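K.L.:
Attaching a single structure in structure tokens format; questions to follow.
The values are calculated or read from the model by the stated rules, or taken from the named source; none is laboratory data. As the structure is a prediction and not an experimental result, all values here were calculated from the model. Cβ: placed from backbone, ideal geometry, glycine included. Neighbour counts: every protein chain shown. Surface areas here come from the heavy atoms of the whole protein model, side chains and all, with no ligands, DNA or RNA. Shrake-Rupley method; radii C 1.70, N 1.55, O 1.52, S 1.80 Å.
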Amino acid sequence: MMIWLFAGLIGSLTAAGVYLTLRAQTFPVVLGLTLLSYAVNLFLFGMGRLNTNAAAVLGANATYTDPLPQALVLTAIVIAFAMTAFVIVLALFTRHTLGGDGVNGESSDRRDS
Amino acid sequence: MSLALPALHNLLAVPVLLPILAATVLIALPRRWLAAQRLISGLSVLGLLAATIALWLGDAGHSILVYPMGDWPAPFGIVWVYDPLAGLMLLLTATVALISLLYAIGSDTESQGAHFHALFQAQLFGLNGAFLTGDVFNLFVFFEVLLLASYGLMLHGGGAARGRAGLHYLIINLVGSTLFLFAVGALYGVLGTLNLADLAQRISTAPAEQYPLIAAASLMLFVVFAIKAAAFPLYLWLPATYAETSAPVAALFAIMTKVGLYAMLRVHGTLFAADTAPAALRDLLAPWWLWLGIATLIMATLGVWAAASLRRQIAYLVLTSVGTLLIALGLNSAAALTGGLYYWVQSTLLTAGFFLLADAIVRARGHDDWRVAAAIRPFAPLAILFFVYAVALVGLPPFSGFIGKALILKAALDSPLAPAIFATVLISSVLLVVALARSGSALFFQQQNCPPPAWALTRSSWLAIALPLGLMIGWVVAAGAITHALAQTSQQQLDTARYLRAVFEPTGFAPHTGAQP
């Protein structure tokens, strides 16, 4: 049960991320990239197999969980965080210099939400 | 072995540690201390060049040097692996960095914004790390480092057009990074390791029901590298990015598409090597490389014809070299790889130099497109340089592009796709000659009577423009010896069993036991 919930969550986050990334305004694109990075973080985490009541420490418990994906997720979170900050700054910069929030710089009054 | 080996091993850390140290110091320096920034950045690049040359000469026996981080053995710790191919890339990166830095200092690009030198060194850190690492997740981290630095460098100097191109470049690469993580996660989930050699070993013994997952993860990884290499149909970000950024950065970016190609060669070449991978997975990528190469070459040639400005035209020339190299890699033989590596080095150097020359020509004309401008001054040096660069890049004899393409085509004779490869490469070469001849006549022979813009290049800028041509001439003169050395390199690259042995049984390097005979 948990595994289907988990897989469905990753799938819907990815689908929403892909949809938003294909939008023509910078703000939805940034949101889409963020959702994609959430999805990939959960996916990486799941690749260590889902366990309950298992510490990521050898010998402390009869069962243990794989610590490596957790380290990978940590790295990925830090990098995605920095990249999101950067893309927001750049989106604001182009919003100012190009006078619009379209990814090609043209202004758009269209409301997509 | 010998006492020299540990020293050589420690030298292996220099190409990665030196730039990051320099970058750390450079960030702390105030912006007005330009002379100090130049000094540190220049010393770092020269040190890099010296270290990579020393590694290349010290490793004359073409051994594979393995540097286990923190002395953790191969599958558990992260290893750096230096083999002749990585050595060649390090050497090429240091050379391109020197050319780019000379021009950046000479043309005053560095002072158009803050932290040019720090970003430049961070970029070199990422590039060298990506070339040296033997671990797929470590490769991801170094890719992020080099990309983050490249975003900053690409936007250096600011401006609306640059911002727009930078936004596209950033977004496509962020999507690529996400895809990279999905692929790495899937590989780890199936195979339980991220070390390149260990992955190759486990693929060779993997049960057949895992093949579809391995294939899916590897093809996702291939898409990521194809974005970096700007292969068809994922090349659309490249022309605007390279054309809009400042000239020294575009020159440095000449190595960036090659990182994608190198990662394909390193990762997919190792995972699906002919000598270790199971037969069902061996030909996973074979149908893709050649056709993608042919398609990239065709689209890039059309792009050179259609380009609305000189710098965009050169960006498409970068793409033609990507297409040619994809064909060489796709042929997947030692002979093709030898020709490919020969072409690889000279095309990187020449496109880097051509971007710098284009900057000089644009300054001399006052604008970047084909509109008629004032007569170019100084006419002779710029026209001669343009002619030589164009002819050498397109690949007419007696220059190096010709030898590279001839070697690749000779290796393609045995391929079932030989007719398509020959037709594409030869027709594209002819079309490129015509397109560049047209550009040359538009740039140099159509002029109107108006005062030319005041501009000047410093001596170090001229040196940066001329240096790639000098190296290219050396590359032609010593072609016999070089192809001989590259043949050894490519044979070694295809010998994955040897790579696996080197990673799992690092001989001659035992810092703590020290008892190796």
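K.L.:
Based on the Cβ-Cβ distance from residue A:50 to residue B:209, what FRET efficiency comes out when R0 is 25 Å, to the nearest 0.05? Before the final figure, lay out the partial values.
P.N.:
Working: r = 21 Å, r/R0 = 0.83.
Result of the calculation: an efficiency of 0.75.
K.L.:
Taking the solvent-accessible surface of protein heavy atoms with a 1.4 Å probe, what is the per residue accessible area of the protein assembly as shown in Å²? Kindly include the intermediate steps, with their values, before the conclusion.
P.N.:
Values: 24820 Å² over 630 residues.
Spelled out: the 1.4 Å probe surface of the protein assembly as shown, per residue, equals 39 Å².
K.L.:
Which lysines have a Cα lying under 19 Å from the Cα of residue B:228, excluding residues fewer than 8 positions away in the same chain?
P.N.:
B:258
K.L.:
Let me ask something else about it. If you count, for every residue in A:61-72, the Cβ atoms of partner chains within 10 Å of its Cβ, what is the mean?
P.N.:
Numbers: counts 0, 0, 0, 0, 0, 3, 0, 6, 3, 0, 1, 8.
Per-residue shielding by partner chains comes out at 2.
K.L.:
At 222 nm, what helix-only mean residue ellipticity would the protein assembly as shown give, in deg cm²/dmol to the nearest 500, using -39500 (n - 2.57) for each DSSP H run of four or more? Mind showing how you got there, number by number?
P.N.:
Details: 25 runs with 443 residues, N = 630.
After summing the helix terms and dividing by the residues of the protein assembly as shown, the value is -23500 deg cm²/dmol.
K.L.:
A follow-up question, please. Which of these, A:64, A:19, A:38, has the largest mean-square fluctuation under a Gaussian network model of chain A (Cα springs below 10 Å)?
P.N.:
A:64
K.L.:
Still on this structure: What value does chain A have for Rg/Rh, both radii from Cα atoms and Rh as Kirkwood defines it? Mind showing how you got there, number by number?
P.N.:
Numbers: Rg = 18.5 Å, Rh = 16.1 Å.
Here the Rg-to-Rh quotient is 1.14.
K.L.:
Within a 10 angstrom radius of each residue's Cβ in A:32-45, how many Cβ atoms of other chains show up on average? Whole number is fine. Working shown, then result.
P.N.:
Working: counts 3, 6, 1, 1, 7, 4, 0, 3, 9, 3, 1, 6, 8, 1.
Taking all residues of A:32-45 together, the mean is 4.
K.L.:
Follow-up question, since we're still on this one. Inside 10 Å of the C-beta atoms of B:146-156, what's the mean count of C-beta atoms belonging to other chains?
P.N.:
Numbers: counts 0, 2, 4, 0, 0, 4, 1, 0, 0, 3, 0.
Other-chain Cβ atoms within 10 Å of each residue's Cβ, averaged: 1.
K.L.:
Please report the base-10 log of the normalised intensity I(q)/I(0) for the stretch B:41-103, using a Debye sum with one equal scatterer per alpha carbon and no solvent, at each q in 0.14, 0.20, 0.21 (1/Å).
P.N.:
-0.49, -0.81, -0.85
K.L.:
Still on this structure, I have one more. Determine the sum of side-chain charges near residue B:455: Lys and Arg each +1, Asp and Glu each -1, restricted to other residues whose C-beta is under 10 angstrom from that of residue B:455. It would help to have the intermediate numbers written out before the result.
P.N.:
Numbers: positive: B:363, B:365, B:377; negative: none.
Local net charge: +3.
K.L.:
Provide the solvent-accessible area of residue B:409, counting protein heavy atoms only and rolling a 1.4 Å probe, rounded to the nearest 10 Å².
P.N.:
Residue B:409 has an accessible surface of roughly 20 Å² with all protein chains in place.
K.L.:
Right, next: If you line up the Cα atoms of the stretch B:151-278 on their principal axes, what length do they span on each, largest first, in Å?
P.N.:
Dimensions of the stretch B:151-278 along the principal axes of its Cα atoms: 54, 23, 23 Å.
K.L.:
For the stretch B:204-301, what log10 I(q)/I(0) values come out of the Debye formula at q = 0.11 1/Å, with one point per alpha carbon and no solvent?
P.N.:
Summing over Cα pairs of the stretch B:204-301 leads to -0.40.
K.L.:
Between residue B:434 and residue B:374, what is 0.36 nm times their sequence separation minus the Cα-Cα distance? Round to one decimal in nm. Intermediate values should be presented prior to the final figure.
P.N.:
Working: separation 60, 0.36 × 60 = 21.60 nm, distance 2.36 nm.
Going from the current span to full extension adds 19.2 nm.
K.L.:
Which one, A:59, A:100, A:17, has the greatest fluctuation when you compute a Gaussian network model over chain A with C-alpha springs under 10 angstrom?
P.N.:
A:59
K.L.:
Same structure, new question: In 5 Å bins starting at zero, report the fraction of Cα pairs in the stretch B:64-195 per bin as a rounded %.
P.N.:
2, 10, 15, 18, 18, 16, 10, 7, 4, 1, 0
K.L.:
Return the distance in nm (one decimal) between the two label points of a simple spin-label model at residue A:85 and residue A:63, each offset 7 Å from Cα along Cα→Cβ.
P.N.:
Output for this residue pair reads 3.8 nm.
K.L.:
Per the Cauchy relation, a quarter of the hull surface: what is the mean projected area of the convex hull of the alpha carbons in the stretch B:266-393, in nm²?
P.N.:
Numbers: hull surface 34.9 nm².
Reported value for the Cα convex hull: 8.7 nm².
K.L.:
How would B:209, B:110, B:505 rank on accessible area, largest to smallest, probe 1.4 Å?
P.N.:
Numbers: B:209 145, B:110 5, B:505 115 Å².
Accessible-area ranking of B:209, B:110, B:505, largest first: B:209, B:505, B:110.
K.L.:
Also: By how many degrees, between 0 and 90 and to the nearest 10, does the Cα long axis of helix B:116-132 differ from the longest principal axis of chain B?
P.N.:
Approximately 40 degrees, to the nearest ten.
K.L.:
Here's something else I'd like to know. Relative to the longest principal axis of the C-alpha atoms of chain B, give the angle of the C-alpha long axis of helix B:196-205, reported between 0 and 90° and rounded to the nearest 10°.
P.N.:
50 degrees
K.L.:
Sticking with this one: Under 8 Å for C-alpha pairs, at least 6 residues apart: give me the relative contact order for the stretch B:258-394, rounded to a whole percent.
P.N.:
Numbers: 123 pairs, mean separation 29.2, N = 137.
Computed over the stretch B:258-394, the figure is 21 percent.
K.L.:
Further question on the same structure: What ranking do B:348-361, B:285-298 get when scored by the average of other Cβ atoms within 10 Å per residue, highest first?
P.N.:
Working: B:348-361: 27.0, B:285-298: 20.5.
Going from most to least packed, we get B:348-361, B:285-298.
K.L.:
Same structure again: Probe radius 1.4 Å, ligands and nucleic acids left out: can you give me the accessible area buried at the A-B interface, summed over both chains, in Å² to the nearest hundred?
P.N.:
Buried surface at the A/B interface: approximately 2600 Å².
K.L.:
Continuing with this model, one more query. With unit charges on the beta carbon (Lys/Arg positive, Asp/Glu negative), name the residue among B:391, B:118, B:496 whose Cα is farthest towards the positive pole of the charge dipole of chain B.
P.N.:
In chain B, that residue is B:391.
K.L.:
So, in nm, how far is label residue B:308 from label residue B:450 when the simple model puts each one 7 Å beyond its Cα toward the Cβ?
P.N.:
1.9 nm
K.L.:
Something else: I'd like the accessible area for residue B:115, computed on protein heavy atoms only with a 1.4 Å probe and all protein chains in place. Round to 10 Å², please.
P.N.:
Residue B:115 exposes around 80 Å² with every protein chain in place.
K.L.:
State log₁₀ I(q)/I(0) for chain B at q = 0.07, 0.09, 0.13 Å⁻¹ as given by the Debye formula over alpha-carbon point scatterers of equal weight, solvent excluded.
P.N.:
Listed by q, the Debye log ratios stand at -0.36, -0.61, -1.30.
K.L.:
Which percent of Cα pairs goes in each bin when the distances of the stretch B:287-477 are cut into 5 angstrom slices starting at zero?
P.N.:
With 5 Å bins starting at 0, P(r) equals 1, 8, 17, 20, 18, 14, 9, 6, 4, 2, 1, 0.
K.L.:
Still on this structure, I have one more. As a test of reading the structure, rank B:396, A:22 by solvent-accessible area (1.4 Å probe, protein chains only), most first.
P.N.:
Values: B:396 65, A:22 140 Å².
Greatest to least solvent exposure: A:22, B:396.
K.L.:
Follow-up. Relative contact order (percent) for the stretch B:1-284, with alpha-carbon contacts under 8 angstrom and 6 or more residues of separation? Before the final figure, lay out each step's value.
P.N.:
On the way: 368 pairs, mean separation 51.1, N = 284.
The normalised contact order for the stretch B:1-284 reaches 18 percent.
K.L.:
I've got another one for you. Using the C-alpha gyration tensor of the protein assembly as shown, what are the square roots of 5 times its eigenvalues, in whole angstrom, with the largest one first?
P.N.:
Details: eigenvalues 291, 179, 125 Å².
Its equivalent ellipsoid spans semi-axes of 38, 30, 25 Å.
K.L.:
Report the relative contact order of the stretch B:290-330, percent, no decimals, based on alpha-carbon pairs under 8 angstrom and at least 6 residues apart.
P.N.:
Details: 48 pairs, mean separation 24.2, N = 41.
Relative contact order of the stretch B:290-330: 59 percent.
K.L.:
Can you send over the carbon and sulfur percentage of the accessible area for the stretch B:287-477, probe radius 1.4 Å, protein chains only?
P.N.:
Working: 5260 of 7210 Å².
With neighbouring chains kept in place, the figure for the stretch B:287-477 is 73 percent.
K.L.:
Can you list residues from other chains, or at least 5 along the same chain, whose modelled amide H is less than 5 Å from the amide H of residue B:374?
P.N.:
Amide H to amide H, under 5 Å and 5 or more residues apart or across chains, residue B:374 pairs with B:448.
K.L.:
On the principal axes of its Cα set, how long, how wide and how thick is the stretch B:1-284? Give whole Å, largest value first.
P.N.:
Over the stretch B:1-284, Cα extents along the principal axes are 61, 50, 27 Å.
K.L.:
Between beta-carbons, use under 14 Å as the cut-off and find the net charge around residue B:76, counting Lys and Arg +1, Asp and Glu -1.
P.N.:
Net charge in that neighbourhood comes out at -4.
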